[in-house]
1. Please count how many residues of the range 253-271 are touching a helix residue (DSSP H, G or I) at 6+ places or on another chain (Cβ under 9 Å), closer than 27 Å to Asn158 by Cα and assigned to a loop (DSSP other than H, G, I, E, B).
2. Looking only at the range 158-196, which residues are within 20 Å of Lys248 (Cβ to Cβ) and charged (D, E, K, R)?
3. Please identify the pairs in which a residue from the range 238-250 that is farther than 15 Å from Pro166 by Cβ has its Cβ atom under 8 Å from the Cβ atom of a residue that is part of a helix (DSSP H, G or I) and of a type in the set (D, E, K, R), counting only partners at least 6 apart or on another chain.
4. Please find, within the range 118-142, the residue that is modelled with the highest pLDDT out of those that are touching an Asp or Glu at 6+ places or on another chain (Cβ under 9 Å) and more than 13 Å from Ile70 (Cβ to Cβ).
5. Mind listing whichever residues of the range 155-170 are assigned to a strand (DSSP E or B) and either closer than 17 Å to Leu201 by Cα or not aliphatic (A, V, I, L, M) (or both)?
6. Would you mention how many residues in the range 218-264 are on the phi > 0 side of the Ramachandran plot and not charged (D, E, K, R)?
7. Answer yes or no: is there a residue in the range 109-119 that is of a type in the set (Ser, Thr, Tyr), touching a residue at least 40 places away in the same chain (Cβ under 8 Å) and surrounded by fewer than 17 Cβ atoms within 10 Å (Cβ to Cβ).
8. Is it the case that some residue within the range 96-103 is assigned to a loop (DSSP other than H, G, I, E, B) and either of a type in the set (A, V, I, L, M) or touching a residue at least 40 places away in the same chain (Cβ under 8 Å) (or both)?
Amino acid sequence: MMTKQFILSDDSFSPGGFDYDRAFSRNLGLVQPEEQRRLRQSKVAIAGLGGVGGVHLTTLARTGIGNFHIADFDHFEVQNFNRQAGALMSTLGRSKTEVMEAMVRDINPEVSVVSFPQGITEENVADFLDGVDVVVDGLDFFAVATRDMLYSAAYSRNIPVVVAGPIGASAAFLVFLPGKMRWQDYFAMDLARNEVDKYILFGLGNAPRATQMHYLDRKYVNMAERRGPSLALAVQLCAGVATAETLKLLLKRGRILAAPYFHQYDAYRCKYVIGKLRWGNRGPLQRLKFWIFRRMFS
């Protein structure tokens, strides 16, 4: 019995050229042809192109997303080599937006990319979110003030935000939906007395069960110096889960467990945890953890 071939187009294909339908034809069967067309028309904004943002971008581009807004003010350095998609000897010192835009155009020459090489600011956040369907948070772990501004702007425009960050050998991820719990209410940054407190609250909100603490050597974590360990394997996991949640949002199918639900998959411990922080970091257990971690990392 012959099986039906799902081909988006009957156009002839030149071996040396690019053809969108053929380039992303292996998505079919997990994505339907009309859904692939929807992805081609979709626009995703990625804030930050470093630790996770660059891998988010290339993974989404290989899924066939046709339009991106990307933002990062930084350039590539040697210490980025262990995990960042665009960090190569040939890109040292170059702008992350410049490098990653070129990389994504090499994957899909027909893609539309608008770059924000100054990063996200109060002055350009409206343009960054203009016409966007989903925001993917790839900001540095310590960029709390920028997140506060970005999430507020996205929420006011009814744009969902997906965040997946590497913590230890795990991917911790959250989804913030319009009309649901806000980023500010979940993380409760007003409980912080200083910047280090904000970093602790952010870590606790992302990974309330803290599965990574079983194998993390704390002497390599310095909150005051904004420094901590990260692995490429966790970054790759993050790109997978962030893309999965983004696909569900764009295609409007699949179950989304949005904040106050949290998720953490720890590949090292083969452990997946999911839970719900009804009061975010304001809950009594989270406040107790906050006190413990404040003493631990001070």
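The values are calculated or read from the model by the stated rules, or taken from the named source; none is laboratory data. Note that the structure is a prediction, hence the values are computed from the model and not measured. Don't worry about glycine lacking a Cβ; one is built from the backbone with ideal geometry, like all the others, and counts go over all protein chains shown.
1. Selection size over the range 253-271: 6.
2. Passing the criteria: only Lys180.
3. Close Cβ pairs (under 8 Å, with a partner that is part of a helix (DSSP H, G or I) and of a type in the set (D, E, K, R)) amount to Leu250/Arg38.
4. Val134
5. Those that are assigned to a strand (DSSP E or B) and either closer than 17 Å to Leu201 by Cα or not aliphatic (A, V, I, L, M) (or both): Val163, Ala164, Gly165, Pro166, Ile167, Ser170.
6. 1
7. The answer is yes, given that some residue of the range 109-119 is of a type in the set (Ser, Thr, Tyr), touching a residue at least 40 places away in the same chain (Cβ under 8 Å) and surrounded by fewer than 17 Cβ atoms within 10 Å (Cβ to Cβ).
8. So far as the range 96-103 goes, no, none of its residues is assigned to a loop (DSSP other than H, G, I, E, B) and either of a type in the set (A, V, I, L, M) or touching a residue at least 40 places away in the same chain (Cβ under 8 Å) (or both).
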